Structure formats: structure tokens, C-alpha cells
Amino acid sequence: MTPRIDVLTLFPKMFESPFAESIVARARAAGQIELAVHDIREWTTDRHHVVDDTPYGGGAGMVLKAEPLTRAIRATKGQRGHVVLMSAQGALFDQATARRLAALPHLVIVCGHYEGVDERVIEREVDEEVSIGDFVLTGGELAAMVVIDAVTRLVPGVIEAESLTHESHTEGLLEGPHYTRPAEHEGRRVPAVLLSGDHAAIARWRRAEAVRRTAERRPDLIERAALTPAERARFPLPRPDAGRGRVTDADLVAAYGSGVGSYRIAARFGISPATVRARLRAAGVRLRPSRSGQRGPTAAEVAKMRGTGLTVRELARHFGVSHVTILDRLKRAKR
């Protein structure tokens, strides 16, 4: 049976362009999924097609009315439809949720809007609420697109099974780095093991890089990942009490020994890179040579992030450097 996804929204035209391209479009054309987008206004009964009203008890914003939304859900879910409401109050959407939803024969996604949805609809008609992150959007449409894309690519046959096996989050790890031609670019070469033709060695390297990258960038994931005892010893986790002012020399030595640089370590533990290097030297660690002449972010990188509205202090925390370094890069960017 072909999986089906129905979307209930106030803005159906938002879905036209994203789903006319790429994997979702190909899956629809191949008959691997059925996707239909419906305007909730179709289930209103007044001549003005009103779908919202002011909240009881007062307050800002409008609330989606119960009657038209209830009729819309019941008309589309049939006997087997699983109803998901996109909501900032929902459970966080992750790869495990995507796999679970991809296994369902019929998914009905409701795009919340305005101040929210009448609670009586949620209590009687909605099976679960889902959020794509701890932030607020103007509506559930963009969030629904994210869910549909993540779910569609997991439907059997849409993407090669091997591609799904080795991607980020499949085994609780991030993917390692990728390279393609040319073998050398601006003086930086592809790791020799990838050119060796030794498939076993390549597999070991990719596994090690996946574990390393996850430990460096997402220590919250590495704690739950299925690691071998050797991997767990090589990439130890910072202790729960390790934080600003409480990180031990052993934590720094272990992190540095796993291959993580001083700037990443500084960002992880909330201290400056200079402090990391000083404490490592004091602990008898021989520091690795710098990968380039300039330590830390480039002037262009800092200027780009500054354009997003981050303050100097926020930029320093983001890049794991001191605020003096950030001010220096901003001055260079102005020249």
C-alpha cells in the first residue's frame, strides 16, 4: 500500500514550489508516496470562510476555531490516519520520530497558526504534537515541510538503502567528512586512506571520524551512541560537573588526546582557548602545531556571523575565542 500524507493548512500555495522539486517530487511521480494539500477554509460554512476567532478570557492573537478544523481532520484521516499537529509545544522531532512516522500508512499533518488551536480539537482529534525546535515560526507550514521531507526519504525505495544506512543520526552518530575530486585542493589533500583501495581500512577510518566528529560537535549524542569499549575509552565524555570554572585538567587532556583542537575544547567547556593551552602545557601535554598561520575564525567568518545580529560576546562564545580576538577580526574585515 502506498503511504499517504495529507496536509491541512491555511496557506496551501506555500507547498507548491518545495514539493515540485527534488526527492519528494520524484517520489510522488514514481507513485512511492501520495501527497495532498488541503485548505482548511474548505470546511467552513459561512460565506466569509472564517477559520479563527478571539480567545476566551482575552489576550493577544487569534485562535483556530474548533468546528472547521474538526471537520477537516475527520474528512481527511479516514480509518487509519495518524494526526500530527505541528506545534511549538510538541515533542522534539528527530530521526527516530521520522522513522516511526515513515512506517505509518496514512499521515495527516495539521499546520497550526495564529496564537494556537482550540484545545478541544487537540484533545479529541490529534494523536500527537510535534515541534522541529525550540523556537517559534509564524505557522506550522515550514515545519510540516521539514517533517514531510524527512519522512519521505525514509519510505522504502525513495532513496537507496545503503545511503540511509551510513548517514548522520542513523547509528546515533554524525557522519564523518566527505571528499571528491580533485585529490588536492589549494594545498590540502584527501586523506591517503580514502585513496588506498583498502575497503576495510576505509570503513575503520570513516567509523573513527564519525565518532570523533560526534564527540567534538555533539557530545550530547555521543553519550547515547553505541560505542565499543575502545571507542568509549578514546573519546571520553566530560563529567556532568565539568563546566565553566569546574573543568579538570583530566577532562582537557582526554579531549585533546581524542584529536579535538583547543578552540573546540574551549567552546565545549566554556573557557578560553588560551586557558586550554596553558593548562595542557602545565599538565605536561605536548601541543600539536597549528594547522594554519592564523588561529581561530577568519575575519570573513566573524563578519558574516556578525551580520546575523550576534554581539561580540556571543560571537566569542560561538567561535570559542576571546572577545579581543573577535574585535580584531572585525577590524580586519573593515579594512
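With a sphere of radius 15 Å drawn around the Cβ of Arg26, what net charge do the other residues whose Cβ falls strictly inside it have (Lys, Arg +1; Asp, Glu -1)?
The answer is -2.
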Hey, any idea what Rg/Rh is for the chain, computing Rh the Kirkwood way over Cα pairs? 1.05
For Ser17, Ser258, give the ranking by accessible area with the largest first, probe 1.4 Å. Ser17, Ser258
Show Phe135, Phe15 ordered by accessible area, largest first, where the area counts protein heavy atoms only and the probe is 1.4 Å. Phe135, Phe15
Roll a 1.4 Å probe over the protein chains and send me the accessible area per residue for the stretch 171-281 in Å². 59 Å²
Run the accessible area of the chain with a 1.4 Å probe and give the carbon-and-sulfur part as a rounded percent. 51 percent
Roll a 1.4 Å probe over the protein chains and send me the accessible area per residue for the stretch 1-109 in Å². 55 Å²
Partner lysines for Lys331 [C-alpha distance under 27 Å; skip if fewer than 8 residues away on the same chain]: Lys304
Under a crude label model (7 Å from the Cα following the beta-carbon direction), how far is Ala299 from Met62 in nanometres? 5.1 nm
Positive end of the dipole of the chain, charges at C-beta (+1 Lys, Arg; -1 Asp, Glu), about the Cα centre: which of Pro289, Val108, Ala36 has its Cα farthest in that direction? Pro289
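Multiply the residue gap between Ala278 and Ala103 by 0.36 nm, knock off their C-alpha separation, and tell me the result in nm, one decimal place.
Numbers: separation 175, 0.36 × 175 = 63.00 nm, distance 5.22 nm.
This chain segment gains 57.8 nm when fully extended.
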Regarding the stretch 1-134, what is the average projected area of its C-alpha convex hull, in nm²? 9.3 nm²
Using the Cα centre of the stretch 248-335 as the reference point, and only Cβ charges (+1 on K/R, -1 on D/E), how large is the resulting charge dipole? Debye, rounded to the nearest 20. 380 debye
Residue-level accessible surface for Glu216, protein heavy atoms, 1.4 Å, Å²: 40 Å²
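The values are calculated or read from the model by the stated rules, or taken from the named source; none is laboratory data. Small disclaimer: the values here were computed from a predicted structure and weren't measured. Every residue, glycine as well, gets a Cβ built from its backbone with ideal geometry; the counts of neighbours run over all protein chains shown. When the accessible area is computed, the model is the full protein with side chains, heavy atoms only, and any ligands, DNA or RNA have been set aside. Shrake-Rupley method; radii C 1.70, N 1.55, O 1.52, S 1.80 Å.
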